[in-house]
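The values are calculated or read from the model by the stated rules, or taken from the named source; none is laboratory data. Quantities reported herein were computed from a predicted structural model and do not represent experimental measurements. Glycine also receives a Cβ, built like all others from the backbone with ideal geometry; neighbour counts cover every protein chain displayed. Calculation scope for accessible area: heavy atoms of the full protein, side chains included, ligands and nucleic acids excluded. Shrake-Rupley method; radii C 1.70, N 1.55, O 1.52, S 1.80 Å.
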Amino acid sequence: MSKVSIFEVKTPEDLKQFVKFPMDLYKNNPYYVPSFIKDELNVWNPKENPALSYSEAKQFLAKKEGKIVGRIAVIINHKEEKELDIKKVRFGWIDFIDDREVSKALIDTVIDYAKSNQIDKIEGPMGFTNLDKAGMLTFGFEKIATMIGIYNYEYYHQHIEDLGLVKEKEWVEFEMNFPKILPPKVEKFSSLIAEKYNLRVLNFQNKEEILPYVKPMFKLLDETYKHLSTYTPISEEQIKTYKEKFFPMIAKNYVICVVDEHDELVSFAVTMPSYSKALQKSKGKLFPFGWWHFMQAQKKNDRANFYLIGIHPEYQRRGVTAIIFKEIFVRFNNMGIDFAETNPELEENKSVQVLWQDYNPTNHKRRRTYSLKF
């Protein structure tokens with residue numbers, strides 16, 4: 001039986017193999033959605049990824065019979081350790097063929113790395129921060145992935161569990177057939193809340209008008225989720241990076257901002273047309289034709305994805321979400337959106353999940369991180 005060898009990514013060529021491996025592994029899979037190759041390469045560039053300024057990271061590839069058969073990355077987030085007193089090795093970017101020797105060799109690599117750094121816990125799959133992709137898919141393998149969701153074969157979690165790793169955190173995702181008629185109570189409640197608290201929805205005439213609200217959105221995101229045990233605040237450098245990465249993909253009609261009488265942001269929702277099929281057609285490259293598929297997805301699409309929702313704590317129990325959803329309803333209907341899909345939400349985060357209760361949501365995907373202490 002051929003032995004699995006593990007080697008650390010050291011050269012630009014190694015890194016290209018690391019980034020492209022899943023594209024080969026899922027070449028004929030209709031549900032896998034590739035990332036842009038350039039974006040994936042930039043993840044490991046300190047000039048492009050501010051998280052590397054406070055994190056240690058290494059990438060590894062697995063070989064068997066002369067072929068690349070797996071990959072994995074290890075991360076120590078020192079900011080997480082300092083601010084939350086959480087000391088662990090994160091692992092992510094884990095992909096492997098259906099071979100128990102390969103998956104074991106990859107996880108053993110993470111364990112060895114943790115031990116060499118006097119750390120007794122590993123957890124993954126996850127990235128550097130709360131806004132990176134996280135969670136191994138455990139349900140929903142026959143649903144097309146979203147741009148920010150990890151897709152993996154069903155055998156992944158079976159291998160991981162057999163290696164002794166246990167569930168650490170669970171995420172749920174929901175799919176909705178967007179209604180053609182707004183529920184009367186949402187219509188009525190929206191108007192009452194807006195009048196009671198002097199709130200209004202901003203109407204952006206172009207994308208540039210959204211820019212002044214990007215930083216307040218991220219600050220409001222901090223306020224919304226700071227109560228979660230694993231949440232770390234978003235740095236100024238990260239805000240800049242995420243803005244540069246995702247702003248080009250945003251369409252003005254998909255961003256809803258609610259402000260108070262002093263024009264202070266109290267709630268927002270960032271949705272996007274589904275770019276899943278566009279990413280599949282682009283095969284990880286924006287040029288020469290990938291950009292065209294993205295433009296088409298913006299112009300004509302019957303599916304949208306929720307990406308970020310923020311609500312100031314003072315307004316979380318005051319029905320402000322009714323204003324957001326009324327506005328989303330109007331815009332989605334005008335644009336011909338029939339289906340909407342949420343981003344992954346921590347199973348414990350009931351305050352977010354209750355937002356969808358009036359729209360008959362179906363829990364169509366589940367994912368989790370796995371951990372091991374030793």
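Laid out as a table, the results:
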item: Over segment 305-346, equivalent-ellipsoid semi-axes from the Cα gyration tensor in Å; result: 21, 15, 6
item: Solvent exposure, largest accessible area first (probe 1.4 Å, DNA, RNA and ligands not counted), of TRP356, TRP93; result: TRP93, TRP356
item: Accessible-area ranking of LEU137, LEU308, largest first, probe 1.4 Å; result: LEU308, LEU137
item: Debye, to nearest 20: dipole size of the chain, +1 on Lys, Arg Cβ, -1 on Asp, Glu Cβ; result: 740
item: Too-long pairs where the Cα-Cα distance tops 30 Å, listed order kept, from LYS58/LYS167; LYS63/LYS240; LYS64/LYS121; LYS207/LYS281; LYS245/LYS299; LYS185/LYS207; result: LYS63/LYS240; LYS185/LYS207
item: Order of exposure, largest accessible area first, which applies to GLU123, GLU81 with probe 1.4 Å; result: GLU81, GLU123
item: Antiparallel bridge percentage (DSSP; both residues within segment 12-136; nearest 5); result: 90
item: Cα-based reach from LYS38 at 20 Å (exclusive), listing aspartates and glutamates while leaving out same-chain residues under 8 positions away; result: GLU13, ASP14, ASP24, GLU48, ASP95, ASP132, GLU237, GLU244
item: Cα lying deepest toward the dipole's positive end in the chain, options TYR275, GLY124, GLN158, charges on Cβ; result: TYR275
item: Cα lying deepest toward the dipole's positive end in the chain, options LEU265, PRO216, PHE204, charges on Cβ; result: PHE204
item: Segment ASN45-LYS58, extension gain: residue separation times 0.36 nm, minus the distance between their alpha carbons; result: 3.5 nm
item: Proximal charge balance of SER276 [Cβ under 11 Å; K/R count +1, D/E count -1]; result: +3
item: For segment 323-374, with +1 on Lys and Arg beta carbons and -1 on Asp and Glu, the positive-most of VAL354, ILE323, ASN334 along the dipole; result: VAL354
item: In order through segment 348-358: 3J(HN,Hα) via Karplus (6.51 cos²θ - 1.76 cosθ + 1.60), integer Hz, x for Gly, Pro; result: 6, 7, 5, 5, 7, 5, 5, 4, 8, 4, 7
item: Using distinct alpha-carbon pairs, which all enter the 1/r mean, Kirkwood radius of the chain in Å; result: 21.8
item: DSSP-defined antiparallel bridges as percent of all bridges, the chain, nearest 5; result: 90
item: Potential extension, ALA251-ARG100 segment - 0.36 nm per residue separation minus Cα distance; result: 50.0 nm
item: Net charge dipole size for segment 1-100 [Lys, Arg +1 and Asp, Glu -1 on Cβ; Debye, nearest 20]; result: 220
item: Virtual spin-label span in nm between SER5 and GLN296, 7 Å along Cα→Cβ; result: 4.3
item: Segment 203-269 - charge dipole about Cα centre, Lys and Arg +1 at Cβ, Asp and Glu -1, debye rounded to 20; result: 360
item: Global geometry of segment 1-64, whether rounded, prolate or oblate, following the gyration tensor of its Cα atoms and the 1.5 cut on a/c; result: oblate
item: Cα gyration tensor category, rounded, prolate or oblate, for segment 133-216 with a/c compared to 1.5; result: prolate
item: Percent accessible area from carbon and sulfur atoms, segment 35-113, protein chains only, probe 1.4 Å; result: 47
